[in-house]
1. What order do you get for Phe72, Phe27 when you list them from fewest to most C-beta neighbours inside 10 Å?
2. Whole-Hz Karplus ³J(HN,Hα) for the stretch 161-171, in order, using 6.51 cos²θ - 1.76 cosθ + 1.60 and θ = phi - 60°, x for Gly and Pro?
3. Does the stretch 39-104 classify as rounded, prolate or oblate by the C-alpha gyration tensor (a ≥ b ≥ c root eigenvalues; a/c under 1.5 gives rounded; else a/b over b/c gives prolate, otherwise oblate)?
4. Binning at 5 Å from 0, report for the stretch 152-205 what percent of all alpha-carbon pair distances ends up in each bin.
5. Cα-Cα over 24 Å: which of Lys82/Lys224; Lys143/Lys185; Lys143/Lys174; Lys39/Lys175; Lys62/Lys224; Lys55/Lys189?
6. Compute the signed sum of charges (Lys and Arg +1, Asp and Glu -1) over the other residues within less than 10 Å, Cβ to Cβ, of Asp149.
7. Residues with amide H under 5 Å of Ile217's amide H, sequence separation 5 or more or different chain, H placed in the peptide plane at 1.01 Å from N; which?
8. Mind listing the phi-derived Karplus ³J(HN,Hα) values for the stretch 119-127, rounded to whole Hz, using 6.51, -1.76 and 1.60 with θ = phi - 60°, and x for any glycine or proline?
Amino acid sequence: MKANINNIREKISLACKNSNRDENEIFLLPVSKTVDVKKIEEAIDLGFNTFGENKVQEILKKYEYFEGKIKFHMIGHLQTNKVKSIIDKVELIHSLDRISLLDKLEAEAKNKGIVVNCLVEVNIGKEESKSGIFEEDVLDFVKEVSIRDNVFVNGLMTVAPYCENVEYTRVYFKKMKSLFDEISKLNLKNIDMKILSMGMSNDYTVAIEEGATLIRIGTSIFGKRDYGVVSK
Ligand SMILES: *Cc1c(COP(=O)(O)O)cnc(C)c1O
């Protein structure tokens, strides 16, 4: 794992050089979905304290196990009926993708007297298999957020279309960056564009070159996922 991480750090560094960016702007989020707690402990020993997960049940289990020692980001699709159970157990929700979820988050956050930090998920490739708001609807959506009180948007997130040749993903990351900059300029209440969450194991170098500030890496850190372990 240590060698994997060093390798990623080197690639981050190179991508930053290529694009005149400061490496310190890039937050590396290890994605620990399906990864057992022993491996997470190994990552903690290597200096990580925040992990990305995509299933509510798995977050709850790991949350209990680690007793507040680490933080979690919810990066997967979030059902409204599960909001209540994790709203105060995650540091950031990357997958705010619809009004019904916004309303539920607002209501539950209000109930608990907290503000919930989110990213708006964008379906930048308009893929049917993916969730996220279409590019042209994102401005209206963040305006909806800004007329509420207990949901705060810290940026945008996307899962780019998978391309055999990673260069083909570049156009999608560029679109995300311009959307991000456009929203920044609006100075809306409860919206502060600080985090641009894009780039995974296969495409993070391109994502960084195009402006990502947070990359979500699973396979390249922990190895191939074994989906069998989750149900055991
Ligand atoms: C699984 C997952 C990742 C990590 O993917 P890798 O290809 O393993 O790096 C990143 N983002 C989301 C939303 C995911 O579900």
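1. In increasing order of surrounding Cβ atoms, one gets Phe27, Phe72.
2. Computed from phi, the couplings for the stretch 161-171 are x, 6, 10, 3, 9, 4, 4, 5, 7, 4, 4 Hz.
3. prolate
4. Bin by bin from 0 Å, the calculated values are 4, 19, 29, 19, 13, 9, 5, 1.
5. Lys82/Lys224; Lys39/Lys175; Lys55/Lys189, as the Cα separations exceed 24 Å there.
6. +2
7. For Ile217, the qualifying residues are Leu29, Val31.
8. In residue order, the calculated couplings are 10, 8, 7, 10, 8, 6, x, 6, 8 Hz.
The numbers here are math on the coordinates, done by the rules we state, and not lab data. Just so it is clear, the model here is predicted, and its values are computed rather than measured. All Cβ positions, glycine included, derive from the backbone under ideal geometry; neighbour counts span all protein chains shown.
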